[in-house]
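In what follows, a structure is listed as structure tokens, so that the remarks can point back to it.
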Amino acid sequence: MLGICKWFKEDLGYGFVVDETGKNYFVHWSGISSEEKFKKLYPLQMVSFEIGHNEKGEIAVDVEPAVVEKDVEQQFIDILVSNGYDMSIANKRLEYVKKKDKFYKGGNDNE
């Protein structure tokens with residue numbers, strides 16, 4: 001399943017990811033698939049994950065960065081917005097996507 005990292009507190013080792021319906025899933029550092037010593041996610045990072053369970057309910061497991069085409073990322077944001085997800089988060093992600101695209105085309109952030 002695709003999602004966006006809503007936030008991740010590196011010092012505490014946990015955060016939340018949001019799926020395309022706007023549902024939040026708790027993610028613990030131990031649920032992140034990585035070879036790195038210190039596992040972390042970045043706010044607004046696209047991720048793929050599976051749904052697991054603990055004593056409090058559904059959680060995100062097998063979380064890893066997702067590499068998706070820009071149009072898929074935009075469709076994901078559109079779905080989030082249409083499901084009533086916080087527009088400010090979606091707009092921040094969209095700004096990031098546009099900056100990234102500009103960077104890949106050799107653009108300058110000062111333009």
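A short reminder: the numbers here are calculations on the coordinates, not readings from a lab. Small disclaimer: the values here were computed from a predicted structure and weren't measured. Neighbour counts are summed over all protein chains in view; Cβ atoms, including those assigned to glycine, are modelled from backbone coordinates with ideal geometry.
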**Report entry** Residue order, fewest to most surrounding Cβ atoms within 10 angstrom, among Lys40, Lys56, Lys9
**Finding:** Lys56, Lys9, Lys40
Query raised in the report: How long is the gain from Lys40 to Lys23 if the chain were fully straight, where each residue apart is worth 0.36 nm and the alpha carbon distance is subtracted?
Result: 4.1 nm
**Report entry** Extension gain, Met1 back to Ser30 (0.36 nm per residue minus Cα-Cα distance, nm)
**Finding:** 8.6 nm
Report summary line: One finds, for Val68 and Leu12 with R0 = 30 angstrom and r their Cβ-Cβ distance, a FRET efficiency to the nearest 0.05 of 0.60
Report summary line: chymotrypsin sites (Phe, Trp or Tyr not before Pro) in the range 1-83 lying in a DSSP loop, each with at most 14 other Cβ atoms within 10 Å of its Cβ, come to Phe38
Requested in this report: Place a label point 7 angstrom from the Cα of Asp86 along the Cα-to-Cβ direction, then list the residues of the range 12-37 whose backbone nitrogen is under 15 Å away.
Outcome: 15-19, 22-26
